[in-house]
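Enquirer: This is the structure I have questions about; it appears just below.
Read-outs: derived from the displayed coordinates by stated rules, not from any lab. Please read all numbers here as calculations on a predicted model, not as lab measurements. Reconstructed Cβ throughout: ideal geometry from the backbone, glycine too, with neighbour counts over all protein chains shown.
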Amino acid sequence: MISLPMIPVHTTDGGWGGPNKTMPDRQNIARVNYDNKDNRYTYWRIFGDAHVNFNPFKNFNVRSTFGLDYAQKLKRSFTIPYENGTLSNSTSAVNMVQEHWTRWMWNAIATYNFEIKKHRADFMIGTELNREDDVAFGAYREGFAVISPDYMYPDAGTGISKATGGAGGFTLASFFGKANYAYADRYLASLTIRRDGSSRFGQNNKWGTFPSVSVGWRISEEAFMQRTRNVIDDLKIRAAWGQTGNQEIENTARYSIYEANYGTGNSPTYGTSYDITGSNGGALLPSGFKRNQLMNENLKWETTTQTNIGVDFSLFNQSLYGSAEYFDKKTKDILIKPSYIAVIGEGGGQWRNVGEMENKGFELNLGYRNKTAFGLTYDVNANVSFYRNEILFVPEDVASTGDFGGDGVMNIIGHAINMRAGYVADGLFRTQEEVDAYHAAYDVKMGQPGLGRIRYRDVNNDGVIDTKDQDWIGNPNPKFTYGLNINLGYKNFDLSMFWQGVQGVDVVNDVKKNTDFWSLGDMNANRGTRLLGAWSPSNPQSNIPAVSVSDLNNEARFSTYFVENGSYLKLRMLQLGYTLPETLTQKIRMSNLRFYVSGDNLLTIKSKKFTSMDPENPNFGYPIPINLTFGFNVSF
């Protein structure tokens, strides 16, 4: 929407078209694509694993596995001189970057199982090591006599030269054990414990211990249930409690980070070198260091504790089947690098364990499968999930940043994570009488209400329109999610489909809605076609604010005008297949041959009031792509 379509691709003399002084300084997209056509990114990767397995004695097994994943990446990109309109660049340059990363894993696992009459048990103990190392280095050079990818290598340049490089990595060590027990397939129990150590944490907190336990009761195996065998095939009640750890932070999260920075980027630069000798650039300037991050040796594992209670069942000769489950998941010591106030100074960011959060929910899965009299087999399965998220605790200094939600103006504790706070847009002023009545009723501290402008609600009813009128207006957590699987079979044909939906979710559509305002952003740039239907005296019923070159009403503020219903139902997958009869496959020495056609994301049903293309991807303007696949499966 920003590039103007009136700018031609080429000028009459064959050059590149570009903007003049009255147009926004946006590049000619055709030129950009052409000049980048020789950029290359080569990626080589090799991975695999090997294992040994032996049985010293009956029911006892030891297995050890070593896996390796290695990748090498080479990127080469060019800066080509150009002139298009008022835009030009005389620099010729090449940038080459090479990256290597190595990941390896080794584990050793011993298992033992036994069965005595109605007792059955199995045990497992093991250890695992994971290591990752990353190395990257690059070279940049300017000034080339010949503009050609065959010539433009750093050695051939005569201008500014820069070198970059760095390395990183981490180690994860684990010890774990598990025991499972069953009596007569009726009473079930399982116990797991693992101890994990990560190099990403400080010396005192490298290790974390995470236990879990689960029990089950297959009621259908009890004697008093035998009279229901013609109805209940299987009925099991289960419960579980367990803890898991999270160490997904930067490899250098616990350190103070400083870097030497000459400030060679685009202006303005913030380098640490200074011409204290007064040589006016006639000598290599010494560089100091700038801080990028504060250390925190007290970082520790983020821990999630979850409790589950559920039931699994199948009825009527396994025709009707399903499960229901309630879960309660609490996370503490949440790992985050929160925003910080400017008075802390440059590089004041610090990884911390802050906050506690809870998720409670219920999941239901129900299916039915059978066969009709004329040979149609079907299996229909539906599921629905409800959950509610709540922030239980956040330190005051972190809550004020808005990193967990609340936009820094509302206290997120007691609300869902990432909930937004803002103003309630209560329609537009359509008549001068409405504007005059609003001014008479409210003391407006923000903006200048007028015809065709947004009316903001006095949320706290104090007769003043100011920053205190912000409210909770955007919840990114849906009321529920659901899905539907359908599988049909008739003779040699099969048909399957999967529907998935989200209901009652708020999405912030500010990229699309910002183009409703001529005054927001570059006023010389394109705008969306919705602006053609903006409010005017001849179009007084429009819900789009009047066109204005100044944002006098402060309509750039976050409000419900930018929040939309993101509910949707999508046909995620549809596949039709045909399997050749055995009489034909045997003749061509195959045991099975199936042809199929499959489509992904074929249909999206969304709210009529949603103004962008895809509720799943509201701010990028492009829908999730549709994929069509034709293929066959063969076995011999």
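Enquirer: State, to one decimal in nm, how far the label point of His100 lies from the label point of Ala179, with both points 7 Å from Cα in the Cβ direction.
Expert: 4.7 nm
Enquirer: Determine, for Arg527, Arg141, Arg195, Arg589, the number of other Cβ atoms within 10 Å of each Cβ, and report the residues in order from fewest to most.
Expert: Arg589, Arg195, Arg527, Arg141
Enquirer: So, one more: For Lys332, go through the lysines and keep the ones whose alpha-carbon is under 27 Å away, minus same-chain ones fewer than eight residues off.
Expert: Partners within reach: Lys178, Lys206, Lys300, Lys360, Lys479.
Enquirer: I would also like to ask the following. Just to be sure I understand the model, the point goes 7 Å from the Cα along the line to the Cβ. What's the resulting Arg291 to Lys609 distance in nm?
Expert: Once both label points are built, they end up 4.8 nm from each other.
Enquirer: Can you list the HN-Hα couplings for the stretch 194-210, worked out from phi with the Karplus curve (6.51, -1.76, 1.60; θ = phi - 60°), rounded to whole Hz and with x for Gly and Pro?
Expert: Rounded to whole hertz, the list is 9, 10, 10, x, 10, 6, 6, 9, x, 4, 7, 10, 5, 9, x, 10, 9.
Enquirer: Quick query: amide H of Ser567 versus all other amide H atoms, modeled in the peptide plane; which residues come in under 5 Å with a sequence gap of 5 or more or a different chain?
Expert: Correct list: Gly504, Val505, Ser607.
Enquirer: While we're here: Would you list which lysines come within 22 Å of Lys73, measuring only between C-alpha atoms, while excluding same-chain residues fewer than 8 positions from it?
Expert: Lys37, Lys162
Enquirer: So if I take the centroid of the Cα atoms in the stretch 581-636 and the same for the stretch 1-48, what is the distance between those two points in Å?
Expert: So the two Cα centres are separated by 33 Å.
Enquirer: With r as the distance between the Cβ atoms of Thr277 and Glu616 and R0 = 56 Å, compute the FRET efficiency 1/(1 + (r/R0)^6) and round to 0.05.
Expert: E between Glu616 and Thr277, to the nearest 0.05, is 0.45.
Enquirer: Expressed as a whole number of Å, what is the distance separating the alpha-carbon centroids of the stretch 327-404 and the stretch 453-485?
Expert: Going from one Cα centre to the other spans 21 Å.
Enquirer: Could you derive backbone 3J(HN,Hα) for the stretch 370-379 from the dihedral phi with the Karplus parameters 6.51, -1.76 and 1.60 (θ = phi - 60°), listing whole Hz in sequence and x where the residue is Gly or Pro?
Expert: Rounded to whole hertz, the list is 6, 9, 7, 5, 9, x, 7, 9, 8, 9.
Enquirer: A follow-up question, please. I want to check the label-to-label distance for Lys118 and Asn554. Put each point 7 Å from Cα in the C-beta direction and report it in nm to one decimal.
Expert: Those two pseudo-labels are separated by 7.4 nm.
Enquirer: Name the residue from Thr372, Leu299, Ala534 whose Cα lies farthest towards the positive end of the charge dipole of the chain, charges +1 on Cβ of Lys and Arg and -1 on Cβ of Asp and Glu.
Expert: Thr372
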